[in-house]
Amino acid sequence: MEASKEAFLREFGEHYGYPNGPKTIDEIRATEFKRLDGLVYLDHAGATMYSELQMEAIFKDFTTNVYGNPHSQSDTSSSTSDIVREARQQVLDYCKASPKDYSCIFTSGATAALKLVGEAFPWSCQSCFTYTMENHNSVLGIREYALDQGAAAFAIDVEETVHHGVSNGTAASMKVLQYQVQRRNEASSLEEPTGEAYNLFAFPSECNFSGLRFSLDLVKIIKEDPARILEGSPFCNGRWMVLIDAAKGSATEPPDLSLYPADFVVMSFYKLFGYPTGLGVLIARNDASRLLKKTYFSGGTVATSIADIDFVRRRKSVEELFEDGTISFLSIASVHHGFKILNSLTVSAISRHTASLAWYVRKKLLGLRHENGARVCTLYGDSKALFHDFGPTVSFNLKRSDGSWSGYREVEKLASLSGIQLRTGCFCNPGACAKYLGLSHLDLRSNFEAGHVCWDDHDIIHEKPTGAVRVSFGYMSTFEDAKKFIDFVTSSFIALPNWIESGYQLMQGSESRLGAASFYLKSITVYPIKSCAGFNVESWPLSTTAGLLHDREWVLASLSGEILTQKKVPEMCFISTFIDLDKGILFVESPRCQVKLPINFITDSCNGGSEQIKLNGQRYEVQSYKNEVNIWFSNAIGRPCTLFRCFSSSHNFCLNKIKSASMRREVQSVLNFSNEAQFLLISEESVSDLSHRVSTNVQKGACGAASQISPMRFRPNIVISGGEPYAEDGWKILKIGNKYFTSLGGCNRCQMINIVHDEAGLLQKSNEPLATLASYRRMKGKIFFGILLKYERSEPVGRDGDLWLQVGQDVHPNVS
């Protein structure tokens, strides 16, 4: 056993691994989660993993029993009703809720349960919706129902200070920060709230951003002494009801409703035991549910109705009243098999097991230091708020030795290359995100105006992170998962290889290494259709405006207008192209199509139609083609699509929309459908060095294939040969033949370079070569390989006959 695990077990051995359970954690992983071999899954807060034995039991259940629609009296329907009734009781038992006091309402998920409460709650102009800042968007959405009905809404932060030396040992006092009251109907704000109005207070049992658990004492405080929380608020005298969002927290610590009688609790089953998805539950106090006002009725919710007059009588049962239509009875039938696993391990043991891993990771991250002593990690959630514990979640951001932030997308991308799956962003919790990251309203608005939205790549704006990195553990997580994650952070964000010691210094001047080195143009490749295969030529004309003539002049789009690339449609790489300049014809072939498609781009195939499309934030005027052309391409890629040809696109473009002093590139240029620049240049020597490094890493046991890497893997327009590897990093201006080009800097690589099609025509994906590039070619969150070029036309107008590149031409870097 490794020393690190021995140390871990000395500290957490009585809590880790289910020592008193029916199986140890190692046995669980070996028999029930074989598919996780080689993969570290750390997003259990988003969705935990289902057990393979659990799924086998569900399959056996479904293939040996017959379940009918429960809205019937047949034997199969009665069997289903019995299963549903048992599932309701299991849910109530899980939260220690008596069926005398609570009902279990099945929904399509926790979000649907929250929506049900919001739309059916008895809001009035004297009501108030109050919620803690740390709440999921699905909870914040209830605010819309409250405000639309004239009610008030406001957020609060609650902090607790513990005092010692009182009669019972300790006592807690609270400090509450109330945020601005929101209203949409100003007239209603003039009415003084009375004690008759119903109000709703919502909080999570566990914050899905930081992992901090809220004290369930808030339930009793709000219901019995709301002035303690809402001191000075005119809403203290109302009738307060409490909603707990337990979607995150219930997997390791479900709320005990026998002790903390909340009015509403919501959960989702895929967060408990992975399957089923699309099924949640609203646990509602029976007296609270009777106050909910439901407008819509459906099959299953009515006792009787008359079609041609306004007459309907609804069912009395709480569950039947709120479960519209036929419930997802097969999903509900599978719930039993999930609870069987949790009950066999016990929730308390799961909580201790996962907490030990989270505390280990938290402790290790806090201890990481750069060589200059600077902290590597900033953890979120270490506050004095009214929390009594942490859940198995760790949220953080990483800093470089100079104090600048490493973007969360950089962490996520590198983690994926290392076989680690985690979560980044704000996790649909804008309040917690803004609170812990210190983002003001002005910051949030300016970030949005700068183009930042949920799930995008803008992780650092104005030198501030816009989100965080989150790792979270489930009942099947292991010490090895946590250890591999810590090792990844250490090797990727502390012990970075020194590029200078490796012989190459990225993005620096390289005049000292040029010496007598000679370079020449090795190959030219034209890619007529974006993301499809290109073709090599010995010589090719330059466009007067946009790089190689006809390069990425065509594009495929879905019927909804989405531009198609190999990232989403890998089959595009099998479409081969060739242009006959003399005939003015683009020839296209595909192994899925029997005939070669000729497209005469001078006279033929165009139907005369034109429209506009959008790509990379720019609008292009394009021409469309006849239906037979689109049918050919649809067959070639296996999905409906349309071919477009670029008419023109003249614009200023900036490779980073979010301006960065180190990487900002503003270029007055004309592009067809290229992502960033007119040309991509790759060095044959750089590819050879990379290939050697990849082979070395594979021999050391790293992931990836040891096959020789071709320059074509990177889809270059220009391949040069000569000199030292990576000499091109420092080039500013270069001359090819008698043509001048300006370097726009390095090309930021993505996982597309990890996909290759073999001789059998099959697509293969590995972690290489991007994983190796990340180990020595990474700067400020980007992985560079190759350089982007812009053609600087110096020839007089009227001498277009000289605008040709020729294989074998000399390449002269850094000419004046």
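I'd like the full set of residues that are in a loop (DSSP other than H, G, I, E, B) and within 30 Å of LEU272 (Cβ to Cβ), limited to the stretch 222-246. I'd like the intermediate steps shown before the answer.
Taking the stretch 222-246 as the starting set, the residues that turn out to be in a loop (DSSP other than H, G, I, E, B) are 225, 229-238, 246.
Scanning the stretch 222-246 gives ILE229, ALA246.
Can you tell me how many residues within the stretch 427-450 are open to solvent by less than 40 Å² (accessible area, probe 1.4 Å), touching a strand residue (DSSP E or B) at 6+ places or on another chain (Cβ under 9 Å) and not hydroxyl-bearing (Ser, Thr, Tyr)?
Counting residues in the stretch 427-450 that are open to solvent by less than 40 Å² (accessible area, probe 1.4 Å), touching a strand residue (DSSP E or B) at 6+ places or on another chain (Cβ under 9 Å) and not hydroxyl-bearing (Ser, Thr, Tyr) gives 10.
So, of the residues in the stretch 554-579 that are over 17 Å from GLU589 (Cα atoms) and in contact with a strand residue (DSSP E or B) (Cβ under 6 Å, 6 or more places away or on another chain), which turns out to be surrounded by the most Cβ atoms within 10 Å (Cβ to Cβ)? Spell out how you get there, then give the answer.
Step one: filter the stretch 554-579 for residues over 17 Å from GLU589 (Cα atoms), giving 557-565, 567-568.
Checking the rest, the ones that are also in contact with a strand residue (DSSP E or B) (Cβ under 6 Å, 6 or more places away or on another chain) come to 557, 563-564.
On the way: ALA557: 19, ILE563: 18, LEU564: 22.
Once the filter is applied, the top-ranked residue is LEU564.
Sort out which residues of the stretch 138-157 are open to solvent by 10 Å² or more (accessible area, probe 1.4 Å) and assigned to a strand (DSSP E or B), and write them in order of number.
Listed by number, the list holds a single entry, ASP157.
Give the residue, chosen from VAL91, VAL84, VAL117, VAL139, that is of a type outside the set (Gly, Ala, Ser) and over 24 Å from PHE273 (Cα atoms).
Details: VAL91 fails: over 24 Å from PHE273 (Cα atoms); VAL84 fails: over 24 Å from PHE273 (Cα atoms); VAL139 fails: over 24 Å from PHE273 (Cα atoms).
Only one candidate qualifies: VAL117.
Can you name the number of the only condition in (1) farther than 17 Å from ALA288 by Cβ; (2) part of a loop (DSSP other than H, G, I, E, B); (3) open to solvent by 50 Å² or more (accessible area, probe 1.4 Å) that ASN135 fails?
Answer for ASN135: the failing condition is (3).
Looking at LEU259, is it touching a residue at least 24 places away in the same chain (Cβ under 8 Å), assigned by the TED database to the domain that holds GLY109 and closer than 13 Å to TYR102 by Cβ? Quick ask: steps written out before the conclusion?
Numbers: touching a residue at least 24 places away in the same chain (Cβ under 8 Å): yes; assigned by the TED database to the domain that holds GLY109: yes; closer than 13 Å to TYR102 by Cβ: no.
No, not satisfied.
Out of the stretch 294-318, which residues are open to solvent by 100 Å² or more (accessible area, probe 1.4 Å) and closer than 25 Å to PRO99 by Cα?
ARG313, LYS316
Only one of these is of a type in the set (Ser, Thr, Tyr), open to solvent by less than 70 Å² (accessible area, probe 1.4 Å), at pLDDT 90 or above and not in a strand (DSSP E or B): SER660, SER707, SER634. Name it. Give the steps one after another, and end with the answer.
Details: SER660 fails: at pLDDT 90 or above; SER707 fails: at pLDDT 90 or above.
From the options SER660, SER707, SER634, the qualifying one is SER634.
Here's a check for you: in the stretch 780-800, which residue that is in contact with a strand residue (DSSP E or B) (Cβ under 9 Å, 6 or more places away or on another chain) and more than 18 Å from GLU676 (Cα to Cα) is modelled with the highest pLDDT? Walk me through how you get there before you give the answer.
So in the stretch 780-800, the residues in contact with a strand residue (DSSP E or B) (Cβ under 9 Å, 6 or more places away or on another chain) come out as 780-795, 800.
From the residues that got through so far, the ones that are more than 18 Å from GLU676 (Cα to Cα) too are 780, 793-795, 800.
Working: LYS780: 81, ARG793: 71, SER794: 64, GLU795: 57, ASP800: 50.
Only one residue fits best here, namely LYS780.
Pick from the stretch 453-481 the residues that are of a type in the set (Ser, Thr, Tyr) and more than 16 Å from SER406 (Cβ to Cβ): which of them is surrounded by the fewest Cβ atoms within 10 Å (Cβ to Cβ)?
THR478
Residues checked against (1) touching a helix residue (DSSP H, G or I) at 6+ places or on another chain (Cβ under 7 Å); (2) open to solvent by less than 70 Å² (accessible area, probe 1.4 Å); (3) farther than 22 Å from PHE488 by Cβ; (4) modelled with pLDDT of 95 or more:
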{"residue": "ALA3", "(1), (2), (3), (4)": "no, no, no, no"}
{"residue": "GLU11", "(1), (2), (3), (4)": "no, no, no, no"}
{"residue": "TYR16", "(1), (2), (3), (4)": "yes, yes, no, yes"}
{"residue": "LEU39", "(1), (2), (3), (4)": "no, yes, no, yes"}
{"residue": "ASP43", "(1), (2), (3), (4)": "no, yes, no, yes"}
{"residue": "ALA47", "(1), (2), (3), (4)": "yes, yes, no, yes"}
{"residue": "ALA57", "(1), (2), (3), (4)": "yes, yes, yes, yes"}
{"residue": "LYS60", "(1), (2), (3), (4)": "no, no, yes, yes"}
{"residue": "PRO70", "(1), (2), (3), (4)": "yes, yes, yes, no"}
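Against the conditions (1) in contact (Cβ under 8 Å) with a residue 40 or more places away in the chain; (2) in contact with a Leu (Cβ under 7 Å, 6 or more places away or on another chain), where does LEU549 fall short? Just the number, please.
Unmet for LEU549, out of (1) in contact (Cβ under 8 Å) with a residue 40 or more places away in the chain; (2) in contact with a Leu (Cβ under 7 Å, 6 or more places away or on another chain): (1).
Just to verify a result, which residue in the stretch 319-352, among those that are open to solvent by less than 20 Å² (accessible area, probe 1.4 Å) and of a type in the set (Phe, Trp, Tyr), is farthest from TYR18 (Cα to Cα)?
PHE322
What's the total number of residues in the stretch 72-85 that are within 26 Å of LEU291 (Cα to Cα) and open to solvent by 70 Å² or more (accessible area, probe 1.4 Å)? Full working, then the answer.
Our first condition is that a residue be within 26 Å of LEU291 (Cα to Cα); within the stretch 72-85, this holds for 84-85.
From what is left, the residues that are open to solvent by 70 Å² or more (accessible area, probe 1.4 Å) are 85.
Number satisfying all stated conditions: 1.
Give the residues of the stretch 482-496 that are in contact (Cβ under 8 Å) with a residue 40 or more places away in the chain and either of a type in the set (A, V, I, L, M, F, W, C) or open to solvent by less than 10 Å² (accessible area, probe 1.4 Å) (or both), sorted by residue number. Show your work before the answer.
So the first thing to find is which residues in the stretch 482-496 are in contact (Cβ under 8 Å) with a residue 40 or more places away in the chain, and the list is 482-486, 488-490, 492-494, 496.
Passing the criteria: ALA482, PHE485, ILE486, PHE488, VAL489, PHE493, ILE494, LEU496.
Looking for something within 26 Å of LEU763 (Cα to Cα), at pLDDT below 95 and of a type in the set (Lys, Arg) - is there at least one such residue anywhere in the stretch 546-555?
First, the residues of the stretch 546-555 that are within 26 Å of LEU763 (Cα to Cα): 551-555.
Restricting the remaining residues to those that are at pLDDT below 95 gives 551-555.
Add one more test, that the residue is of a type in the set (Lys, Arg), and what stays is 552.
Scanning the stretch 546-555 turns up at least one residue that is within 26 Å of LEU763 (Cα to Cα), at pLDDT below 95 and of a type in the set (Lys, Arg).
Given the residues GLY280, GLY249, GLY274, GLY238, which is the only one that is open to solvent by less than 40 Å² (accessible area, probe 1.4 Å), in the same structural domain as TYR131 (by the TED database) and over 36 Å from the mean Cα position of the chain (by Cα)? Don't jump to the end; show me each part of the working.
Working: GLY280 fails: over 36 Å from the mean Cα position of the chain (by Cα); GLY249 fails: over 36 Å from the mean Cα position of the chain (by Cα); GLY274 fails: over 36 Å from the mean Cα position of the chain (by Cα).
Selected residue: GLY238, the only one of GLY280, GLY249, GLY274, GLY238 that is open to solvent by less than 40 Å² (accessible area, probe 1.4 Å), in the same structural domain as TYR131 (by the TED database) and over 36 Å from the mean Cα position of the chain (by Cα).
Any idea which residue in the stretch 387-409 is nearest to the chain's Cα centre (by Cα), counting only those that are hydroxyl-bearing (Ser, Thr, Tyr) and in a loop (DSSP other than H, G, I, E, B)? Step through it out loud before you land on a result.
Kept after step one, since they are hydroxyl-bearing (Ser, Thr, Tyr), are these residues of the stretch 387-409: 393, 395, 401, 404, 406, 408.
Subset that is in a loop (DSSP other than H, G, I, E, B): 401, 404.
Working: SER401: 27, SER404: 23 Å.
Filtering first and then ranking leaves SER404.
Can you tell me which residues in the stretch 113-132 are of a type in the set (A, V, I, L, M) and buried (at least 20 other Cβ atoms within 10 Å of the Cβ)?
Residues satisfying the conditions are ALA113, LEU114, LEU116, VAL117.
For residues that are touching a residue at least 60 places away in the same chain (Cβ under 8 Å) and either out of contact with any Gly (no Cβ under 9 Å at 6 or more places or on another chain) or farther than 28 Å from THR346 by Cα (or both), tally how many sit in the stretch 79-99.
Initially, the stretch 79-99 is screened for residues touching a residue at least 60 places away in the same chain (Cβ under 8 Å), giving 80, 83-84, 86-88, 90-92, 94-98.
Still in the list and also either out of contact with any Gly (no Cβ under 9 Å at 6 or more places or on another chain) or farther than 28 Å from THR346 by Cα (or both): 83-84, 86-88, 90-92, 94-98.
Count: 13.
State all residues of the stretch 466-484 that are more than 26 Å from ILE341 (Cα to Cα) and over 18 Å from the mean Cα position of the chain (by Cα); if no residue qualifies, say none.
LYS484
Please state which one of ASP402, ASP389, ASP382 is open to solvent by 50 Å² or more (accessible area, probe 1.4 Å) and at pLDDT 90 or above. First the steps, then the outcome.
On the way: ASP389 fails: at pLDDT 90 or above; ASP382 fails: at pLDDT 90 or above.
From the options ASP402, ASP389, ASP382, the qualifying one is ASP402.
Restricting to the stretch 95-108, and then to whatever is surrounded by fewer than 21 Cβ atoms within 10 Å (Cβ to Cβ) and not small (Gly, Ala, Ser), can you tell me which residue is farthest from ASN286 (Cα to Cα)?
Ranking the qualifying residues of the stretch 95-108, first place goes to LYS96.
The values are calculated or read from the model by the stated rules, or taken from the named source; none is laboratory data. Fair warning: this is a prediction, and the values are worked out from it, not measured in the lab. With ideal geometry, Cβ positions are generated from the backbone for all residues, glycine too; neighbour counts draw on all protein chains shown. In case anyone asks, the SASA skips ligands and DNA or RNA and just uses the protein heavy atoms, side chains included. Shrake-Rupley method; radii C 1.70, N 1.55, O 1.52, S 1.80 Å.
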